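Below is one structure, written out as structure tokens; comments come after it.
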Amino acid sequence: MKFFISVLFLFVLFSYAAAYDPLDPNGNVTIKWDIVSWTPDGYVAVVTMNNFQMYRHIMSPGWTLGWTWAKKEVIWSMVGAQTTEQGDCSKFKGNIPHCCKKTPTVVDLLPGVPYNQQFTNCCKGGVLAAWGQDPQSAVSAFQISVGLAGTSNKTVKLPKNFTLLGPGPGYTCGPAKVVPSTTFLTPDRRRKTQALMTWNVTCTYSQFLARKNPNCCVSFSSFYNETITPCPTCACGCQNKNNCVKSDSKFLKMVGVNTPRKDNAPLLQCTHHMCPVRVHWHVKLNYKEYWRVKVSITNFNYRMNYTLWSLVVQHPNLNNVTQVFSFDYKPLVPYESINDTGMFYGMKYYNDLLMEAGPLGNVQSEVLLRKDKDTFTFKQGWAFPRKVYFNGDECMLPPPDTYPFLPNSAHQHLSFTSFTFTAAMFFLFVTFW
């Protein structure tokens, strides 16, 4: 019984930790419904989606939003978005609704649609930038006209069972909650108007729900040790091992090999780690008051390029970044007293696109950091990051005992490994006995 309770506790703890992101504790996608007018059989609402996640964006093919109507509502029309299916509207004569499904699925319109189909902050193919990277592009909106619904605050029934794909699984949405009505400023900014009714839906992301395996891995090297610490073997799972392609394969010369598939199935280059993305951290130079790191990101997926990519690194010396040479950089300080996390992302129109696998499938930069004499050291892997995220998903790091160590710290290396093993055995003994 003790064993079962211990395993259950560890499972719950792991699940919770996977769903909670300590580097972005307040990150979420908030979907706001503002009823702006009543109609004879329902209402017109503006639906706004805000991505409040600091470093996790929604990439192409974009978001997909779904819900279940509380009664027998229909969608008469939409501006700035559309449902993927109309459903059975055979009982209507004359005016046919845009969608009659009990569970509509809505997607954004593509760029370049006719002007009369556009709405403010619409028509970006469902792509939403991260709030910390580009707040102005982290918003999407559309207008919806709902029929066979309530026509007052007391008779309107809120939709339920909201779902969000961004573009794949991973998001869990809470119930709709009525909140104070949104206020709007007129174009001349001299008058405020107010929504007739407002409700919010909050969706949070869990990497644990999104995929079974990591989507990226990290390798290390340094100037003081010839050893290159590679990504762990099968770091991202080896389920694609039989379908991978060698970098010199003639198959890569075929027309259309880089075209994405509808199911987003990857075409990976054959590697020992089988990850779509690898991040390499190289400790390059040591100066009297500074030290220098080279960061490289390599794409191994022949069917995917990454727009608006982001890289988040946690390291204690990021509290004193002197210069980042060819990436944009922004400190992330979710806890005011701790400044050890930063976000790197591409410069607009220069390297904000990570191309598919091949000669151009990598981006790199160098970072100059000022030393803190009280904490700086090259011993025991201190110079390597504690956590690395690519596009909002945590990457797998190598085991600590494989990090490049200083040549004269071999005994420290062995001591560290022994301590880790002893601590693990003690934890197992206490837990199960």
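The values are calculated or read from the model by the stated rules, or taken from the named source; none is laboratory data. Note that this is a predicted model, so its numbers are computed, not measured. Note: ideal-geometry Cβ built from the backbone for every residue, glycine included; neighbour counts use all protein chains shown. The accessibility values were calculated without ligands, DNA or RNA, using every heavy atom of the protein model including side chains. Shrake-Rupley method; radii C 1.70, N 1.55, O 1.52, S 1.80 Å.
To the nearest 10, the accessible area of GLU85 is 110 Å² with a 1.4 Å probe.
Which value, in debye to the nearest 20, gives the size of the charge dipole of segment 163-217 about its Cα centre, when Lys and Arg are +1 and Asp and Glu are -1 at the Cβ?
Details: 7 positive and 1 negative charges, 34 e Å.
Once rounded to the nearest 20, the dipole reads 160 debye.
One decimal place: the segment THR322-GLN364 gains 13.4 nm when fully extended, by the rule 0.36 nm per residue minus the C-alpha distance.
Give me the number: length gained by fully extending LEU209 to MET347, i.e. 0.36 nm times residue separation minus the C-alpha to C-alpha distance, one decimal in nm.
Gain in length upon complete extension: 46.6 nm.
Charge tally for GLU394 (other residues, Cβ to Cβ under 13 Å; Lys, Arg +1; Asp, Glu -1): +1. Positive contributions from Lys and Arg (+1) and negative ones from Asp and Glu (-1), summed over other residues with Cβ under 15 Å from the Cβ of SER296, come out at +3.
To the nearest 10, the accessible area of ARG386 is 100 Å² with a 1.4 Å probe.
Ellipticity at 222 nm from helices only: DSSP H runs of n ≥ 4 in the chain, each -39500 (n - 2.57), divided by the residue count, give -3500 deg cm²/dmol.
With the simple model of a label 7 Å out from the Cα in the direction of the Cβ, LYS72 to ASP134 spans 4.5 nm.
Accessible surface comparison of VAL255, VAL324, probe 1.4 Å, protein chains only, largest first: the order is VAL255, VAL324. Charging the Cβ of each Asp and Glu at -1 and of each Lys and Arg at +1, and nothing else, the dipole of segment 118-276 about its Cα centre rounds to 640 debye.
Shown are LYS93, LYS124, whose ranking by accessible area with a 1.4 Å probe and every protein chain present, most to least, is LYS93, LYS124. Protein heavy-atom surface of the chain, 1.4 angstrom probe: 58% of the accessible area is carbon and sulfur, with nucleic acids and ligands not counted. Label positions at SER247 and GLN117, each projected 7 Å from the Cα along the C-beta direction, are separated by 4.3 nm.
With respect to the chain, whose longest principal axis is taken over its alpha-carbon atoms, helix 410-432 is tilted by about 50°. Computing P(r) over Cα pairs in 10 Å bins from 0, in percent for the structure here picks out one of (1) 4, 17, 25, 23, 17, 9, 4, 1, 0; (2) 4, 16, 18, 17, 19, 17, 8, 1, 0; (3) 4, 21, 32, 26, 13, 3, 1, 0, namely (1). Here the gap between CYS89 and ASN339, fully extended at 0.36 nm per residue and compared with their Cα-Cα distance, gives a gain of 84.4 nm.
Averaged over its residues, segment 30-80 has an accessible area of 30 Å² per residue, based on protein heavy atoms and a 1.4 Å probe.
Each residue of segment 153-247 gets 274 Å³ once the volume of the Cα convex hull is shared out per residue. For segment 257-356, the solvent-accessible area with a 1.4 angstrom probe is 47 square angstrom per residue. Across the options PRO385, PRO167, HIS272, the greatest Cα extent toward the positive end of the charge dipole of the chain (unit charges at beta carbon of Lys, Arg, Asp, Glu) belongs to PRO167.
Please report, in debye to the nearest 20, how large the charge dipole of the chain is about its Cα centre when each Lys and Arg carries +1 at its beta carbon and each Asp and Glu carries -1 there.
760 debye
Sorted largest first by accessible area at a 1.4 angstrom probe radius, with every protein chain in place, the residues LEU252, LEU209 fall in the order LEU209, LEU252.
Measuring between alpha carbons in the structure, the pairs from LYS101/LYS177; LYS154/LYS177; LYS294/LYS371; LYS32/LYS160; LYS32/LYS348 lying more than 18 angstrom apart are LYS101/LYS177; LYS32/LYS348.
Taking all protein chains together and rolling a 1.4 Å probe, THR151 ends up with roughly 60 Å² accessible. Of PRO97, GLN133, PHE223, which is farthest on the positive side of the dipole of the chain, counting Cα position, with +1 on Lys and Arg Cβ, -1 on Asp and Glu Cβ, and the Cα centre as origin? Ranked along the dipole, the leading option is PRO97.
The C-alpha atoms of the chain define a longest principal axis, and helix 2-19 lies at about 70 degrees to it. For THR186, put the label point 7 Å out on the Cα→Cβ axis and report which residues of segment 34-53 keep their amide N under 11 Å from it. Within reach of a label on THR186: no residues.
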